[in-house]
Amino acid sequence: MKEAAETRSELMEKNRLEGLTDGIFGFAMTLLVASMILPRDAVATGSSSAALLSLLPEFYHYIIGFFVLAAFWMGHHEQLRKIHHIDQNFILLNIISLFFVTLVPFSTSFIGDYDSDVLATSLFMFNLMVLGLLFSFQWYYAARNHRLIPTDLPEYYIRKRMAHGLLVPVISFVGIIICVMGFKDSTMIYLASPLVEYVVNHSILAKIPGSED
């Protein structure tokens, strides 16, 4: 009975963490649209087309922020699906990660207001890089010596999840370097994410036995 009670407690704690994470991701993804505020000078002209065109930089970064957050949420969901229980360290790592999730609407709004600015662009990509690294470290912590995951979970799957988790951090790091070097549209590097994921899946992970699952 004691073991069953402990199991119920772990599952309840995991469900509460999932609920908190889903709520913060949903709120952050919704709040992203608040970054698209019409400039006063565009409104003053009285031209709806001019006002719409003035929102293009904000809308572009809104799309990046929204879908990157969506990718992080799906990855986090996949993590917790494989984790059979959590501990206090994992909860702490998750809370720290959620802090950076809540910063994404701010960094998205900042880069929208200062489009092509080195500081604003670097801050936006740094935010996504740190967020991705934290979620990857969560998985590393959970999977290390099968600490929080089933012992029969295949090694190839553990590596696959880690590789996927590091995609955005690596892309963000390269983007920051390109930005500092003076390339104005460095955030376009995120458009390469599907291609990079394809290469990872078919060139690296395909060599691991059983990775086709």
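Inside region 80-111, residues that are part of a loop (DSSP other than H, G, I, E, B) and not β-branched (Val, Ile, Thr) make up a count of 3. Applying the criterion of being in a helix (DSSP H, G or I) and closer than 21 Å to residue 67 by Cβ to the residues of region 112-125, the residue that is farthest from the chain's Cα centre (by Cα) is 113. Scanning region 131-175 for residues that are part of a loop (DSSP other than H, G, I, E, B) and either more than 15 Å from residue 72 (Cα to Cα) or acidic (Asp, Glu) (or both) yields 147, 148, 149, 150, 151, 152, 153, 154. Residues that are of a type in the set (A, V, I, L, M, F, W, C) and over 18 Å from the mean Cα position of the chain (by Cα) were ranked within region 167-186; the one that is surrounded by the fewest Cβ atoms within 10 Å (Cβ to Cβ) is 181.
Only residues that are closer than 30 Å to residue 188 by Cβ and either surrounded by fewer than 19 Cβ atoms within 10 Å (Cβ to Cβ) or in contact with an Asp or Glu (Cβ under 6 Å, 6 or more places away or on another chain) (or both) were counted across region 80-97, and they come to 1. Residues in region 85-96 that are out of contact with any Ser or Thr (no Cβ under 9 Å at 6 or more places or on another chain) and at pLDDT below 90: 86, 87, 88.
Polar (S, T, N, Q) and in contact with a helix residue (DSSP H, G or I) (Cβ under 7 Å, 6 or more places away or on another chain): does that describe residue 116? No. Listed by position, the helices (runs of 4 or more DSSP H) inside region 1-79 whose residues that are at pLDDT 90 or above and surrounded by 13 or more Cβ atoms within 10 Å (Cβ to Cβ) number at least 3 are 2-31.
The values are calculated or read from the model by the stated rules, or taken from the named source; none is laboratory data. Being a predicted model, the structure only gives us computed values, none of them experimental. Because the Cβ atoms are built from the backbone with ideal geometry, glycine has one as well, and the counts that use them run over all protein chains shown.
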